[in-house]
Structures are given as C-alpha cells and as structure tokens.
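Novice: Below you'll find the structure I mean.
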Amino acid sequence: MLDRALLEELLAEVRLAPSVHNIQPTRWRLVNEDTLLLVEATMRRLPAADPSGHDVRLSHGAAIEGLSLALGRRGLRIAEVEPVGEPGASGGLQPVARIAIAAGGQADGLADFVSARASWRGGFRPFDQPGEAALSMFSALAGDVQLVRDTDSIDAIARLADEAGLHFLCDDAHRAELLHWMRLSRSDPSYERDGLSAEAMAMSGVVAFGTRFVLGPLFPLLRRLGLAATLASERGKFANSALALFHRPEGEDPLVTGRAFYRAWLAMTAQGLAACPVSVLADRPASNRQLIERHGVPKGRRLVNVFRLGLAAGAPAAVRARLPVAELIV
Ligand SMILES: Cc1cc2nc3c(=O)[nH]c(=O)nc-3n(C[C@H](O)[C@H](O)[C@H](O)COP(=O)(O)O)c2cc1C
C-alpha cells in the first residue's frame, strides 16, 4: 500500500496543515507498507511559548488530520492512531504515534480546502449578506464552536487579547523565541521554509524592519515609556470580525484536539471565511476563564483557542512557507 513515492505525494498535502509559529515539528517514518511512525523534531519545540508541549502536540494532531484527508482522496484511511507512551528521543527525534493505514477510505469534502486554508492576519471587511449566510452555515455545521458577534463583546475580547499578548511579550524568553521564528526579511534563508514571514503576518516592510527592534533591544525602554502596549496592540485587527471560541472535551489528548482544530479551520475556509487563531486568549488562564464564563462554553469543555474570522479585506499571502517534503521523512 504505502511506499516512499506515495508518502511523498501525501506529505505534499499534509505539510499544509497549520502548526504553532509554523515550526512544522512533525516528521514521518515509513515503518512498513501499512504503518507510519509520527516523530517529533525535538529541536523545534517552543519552551517559552508552549512549555507543556500542548501546542506542538496539537500541531501533530493537525498533521494527522491532514494525513487522513490526503489518504481519503486515494481510497485509503487511518485505521488506528496509537500514541507512543515511552520517551525515546534519539538524534533529535521523539516518536509520538504509530499510525496504521488501511484500504477503504473515502474522499472528504474538507480535503478540497487544504490548499486554500491559510492564516489571515490582515483586516476584515464588514459582513455582507452572503458573508452572514456563510457564518451561519459554519456555525450550524461546526460542533465545537461558540460564535461571538456583538461588537461590544468583540471589542472587550480584543482588549483582553492585548493584555494577554503584552503579558507574554514582557517575558524576555518569550520575545526572543518569537523573534527567532519570525522571518522579517526576504533575505532570511528560511523565509520560504518555516516560521512567520513578514508577508504572512501582514506586515509592511517598514513595520517588519521595526519589529526586530521593538521586540528586541528596544522593548524594555518602550515598556518603561508606556509605549509597548500601543505598539504591540492588535485591537484594530478585530474590526468587522466575528470570533469563534473553539472548545473540546476536558482531558482530551491534544493529538485528538488537533484533528478537530484543523477540521474546524477548514470548515471556515470552505465557507469562504478567512481566519486566524489568537492563542494568547486561551493560553492565559485569566482570559481563558473569563471567556468560558461570559460566553457560555459548555460544561466539561475546555477553551482550546479563539479564532478571529470574517471576510478578508485583501488577498492571501503569495508564499506558503513550508519545508521540502524530503526533509519531513526520517
Ligand atoms: C496550536 C496553534 C496555535 C496558533 N496560534 C496562533 C496565534 O496565536 N496567532 C497567529 O497569528 N497564528 C497562530 N497559529 C497559526 C500558525 O502560525 C500557522 O498555522 C502557521 O504559521 C502556518 O501558516 P498557515 O496557517 O497560513 O498555513 C496557530 C497555529 C496552531 C496550530
């Protein structure tokens, strides 16, 4: 069933799955013709932003869903995902899950949106009638989402996101790690490989140039002058957007959560809605708690992330930074 050529074909689609900071931590080993081993590239962890490894594991989950969608198009399916429990890292690679592949897969409609889905970090235009219909359709179909529409609540959540964002940025290690994954100039050799390019972050050249200093050596001074909050604010990006609070069962393995996360995002794309996670809202316990209480996240569910979504006021970035398929096979 599986061989190297088919695996390469599959991974060309799988690698389009989202990953936190676009670190692309997932590697694949062909064990035999019906088994793959999902392996983590341990050099690509985020000790400051993701100390528990939750978001890296969720990113692996998204990659597993990407594999499932790619297999379905070829009449194949994932028969079983068996997490590998014991720590056994060697050579910078840590086995995460053994994946059994079987015949009998079916094409899934969401697979058609894998190449169109991308993080949208630009502005939104107001919802028109078709946009409203798309949002209603998404909300009716998506089981794990609580939509927030009223502008007062959205503005309050935007302020909460700024507070949470600034809280994390005030940590030196966090800022350094973020800068490490930012690709602020096209001359960066990794601009088209991984990380967050200026274009993907919807930054102009001037802003990208300044970001190096604002998040780097100037940050402590800007903070003392009370300017850091204004410079880091993303409040404007919430204008004309809706918010989708994405929740999943408490205690769920992030490997499973990641599959649902990717499907929810693809379902937004399928409705023509542009979206981007705002992780700081879920990552900071105080804002996570507040959102659960104020916006009716059902009991027994945890708030995994918050998506800003709506009608993109512009075109998507031309470059999707991704590692070559050959590097993903170990
Ligand atoms: C767990 C997780 C958390 C993320 N959090 C954020 C976030 O807070 N802000 C953001 O702009 N993008 C966030 N992203 C989006 C990634 O940066 C994005 O998927 C990656 O850069 C690849 O780009 P693409 O989505 O356009 O394919 C997150 C993605 C994942 C999987």
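Novice: Can you find, within the range 10-40, the residue that is least open to solvent (accessible area, probe 1.4 Å) among those that are free of Cβ contacts under 8 Å to residues at least 60 places away in the same chain and more than 15 Å from the ligand (Cβ to nearest atom)?
Specialist: The selected residue is ASN32.
Novice: Further, regarding this structure: If you take the residues in the range 219-235 that are in contact with a Leu (Cβ under 9 Å, 6 or more places away or on another chain) and hydrophobic (A, V, I, L, M, F, W, C), which one is surrounded by the fewest Cβ atoms within 10 Å (Cβ to Cβ)?
Specialist: Applying the filter and picking the extreme gives LEU221.
Novice: Taking the condition within 19 Å of PRO316 (Cβ to Cβ), assigned to a loop (DSSP other than H, G, I, E, B), at pLDDT 95 or above and open to solvent by less than 20 Å² (accessible area, probe 1.4 Å), does TYR191 pass?
Specialist: Numbers: within 19 Å of PRO316 (Cβ to Cβ): yes; assigned to a loop (DSSP other than H, G, I, E, B): yes; at pLDDT 95 or above: yes; open to solvent by less than 20 Å² (accessible area, probe 1.4 Å): yes.
In short, yes.
Novice: So the check is Cβ under 9 Å with 6+ separation or different chains; which pairs have a first residue in the range 104-120 that's at positive phi and a second one that's away from the ligand (no atom under 16 Å from the Cβ) and modelled with pLDDT of 95 or more?
Specialist: Taking only residues 6 or more apart or on different chains, the pairs are GLY104/GLY75; GLY104/LEU76; GLY104/ARG77; GLY104/ALA79.
Novice: While we're here: Identify the residue in the range 159-196 that is among the aliphatic types (A, V, I, L, M) and in contact with a strand residue (DSSP E or B) (Cβ under 9 Å, 6 or more places away or on another chain) and, among all such residues, is nearest to PRO47 (Cα to Cα). Outline the logic, then answer.
Specialist: Of the residues in the range 159-196, the ones among the aliphatic types (A, V, I, L, M) are 160-161, 164, 166, 169, 173, 176, 178-179, 182, 184, 196.
With the extra rule that they be in contact with a strand residue (DSSP E or B) (Cβ under 9 Å, 6 or more places away or on another chain), the set shrinks to 161, 178, 182, 184, 196.
Values: ALA161: 21, LEU178: 11, MET182: 16, LEU184: 22, LEU196: 17 Å.
Of everything passing the filter in the range 159-196, LEU178 is nearest to PRO47 (Cα to Cα).
Novice: Out of the residues in the range 117-142 that are open to solvent by 70 Å² or more (accessible area, probe 1.4 Å) and among the hydrophobic types (A, V, I, L, M, F, W, C), which is farthest from the ligand (Cβ to nearest atom)?
Specialist: Within the range 117-142, the match that is farthest from the ligand (Cβ to nearest atom) is ALA140.
Novice: Now a separate question. Condition check: open to solvent by less than 70 Å² (accessible area, probe 1.4 Å), assigned to a strand (DSSP E or B), within 16 Å of the ligand (Cβ to nearest atom) and aliphatic (A, V, I, L, M). Does VAL96 satisfy that?
Specialist: Considered against the rule, which asks whether it is open to solvent by less than 70 Å² (accessible area, probe 1.4 Å), assigned to a strand (DSSP E or B), within 16 Å of the ligand (Cβ to nearest atom) and aliphatic (A, V, I, L, M), VAL96 comes out as yes.
Novice: Take the residues in the range 41-67 that are touching a strand residue (DSSP E or B) at 6+ places or on another chain (Cβ under 6 Å) and closer than 22 Å to GLU177 by Cα, then tell me which one is most open to solvent (accessible area, probe 1.4 Å).
Specialist: Out of the qualifying residues, it is THR42.
Novice: Which count do you get for residues in the range 38-92 that are part of a helix (DSSP H, G or I) and not hydroxyl-bearing (Ser, Thr, Tyr)? Before the answer, list the steps.
Specialist: Within the range 38-92, the subset part of a helix (DSSP H, G or I) is 42-44, 54-72.
Filter once more, keeping what is not hydroxyl-bearing (Ser, Thr, Tyr): 43-44, 54-58, 60-67, 69-72.
The total comes to 19.
Novice: Among the residues of the range 253-285, what is the count of those that are open to solvent by 30 Å² or more (accessible area, probe 1.4 Å) and either in contact (Cβ under 8 Å) with a residue 12 or more places away in the chain or touching a Phe, Trp or Tyr at 6+ places or on another chain (Cβ under 7 Å) (or both)? Break it down stepwise before answering.
Specialist: At the first step, the residues of the range 253-285 found to be open to solvent by 30 Å² or more (accessible area, probe 1.4 Å) are 253, 256, 259, 263, 270-272, 277, 279-280, 283-285.
Retained after the next criterion (residues that are either in contact (Cβ under 8 Å) with a residue 12 or more places away in the chain or touching a Phe, Trp or Tyr at 6+ places or on another chain (Cβ under 7 Å) (or both)): 253, 256, 259, 263, 270-272, 277, 279-280, 283-284.
Residues in the range 253-285 being open to solvent by 30 Å² or more (accessible area, probe 1.4 Å) and either in contact (Cβ under 8 Å) with a residue 12 or more places away in the chain or touching a Phe, Trp or Tyr at 6+ places or on another chain (Cβ under 7 Å) (or both): 12 in total.
Novice: From the list MET203, MET182, which one is within 16 Å of the ligand (Cβ to nearest atom) and at pLDDT below 95? So that I can check it myself, show each step before the final result.
Specialist: Numbers: MET182 fails: at pLDDT below 95.
On inspection, the qualifying residue turns out to be MET203.
Novice: Considering only residues that are open to solvent by less than 50 Å² (accessible area, probe 1.4 Å), touching a helix residue (DSSP H, G or I) at 6+ places or on another chain (Cβ under 9 Å) and within 16 Å of the ligand (Cβ to nearest atom), which ones fall in the range 286-319?
Specialist: Of everything in the range 286-319, those that are open to solvent by less than 50 Å² (accessible area, probe 1.4 Å), touching a helix residue (DSSP H, G or I) at 6+ places or on another chain (Cβ under 9 Å) and within 16 Å of the ligand (Cβ to nearest atom) turn out to be SER287, ASN288, LEU291, LEU303, VAL304, ASN305, VAL306, PHE307, ARG308, LEU309, GLY310.
The values are calculated or read from the model by the stated rules, or taken from the named source; none is laboratory data. As the structure is a computational prediction, the values presented were derived from the model and not from experiment. Counting neighbours? That spans all protein chains shown, and the Cβs are built from the backbone with ideal geometry, glycine included. The accessibility values were calculated without ligands, DNA or RNA, using every heavy atom of the protein model including side chains. Shrake-Rupley method; radii C 1.70, N 1.55, O 1.52, S 1.80 Å.
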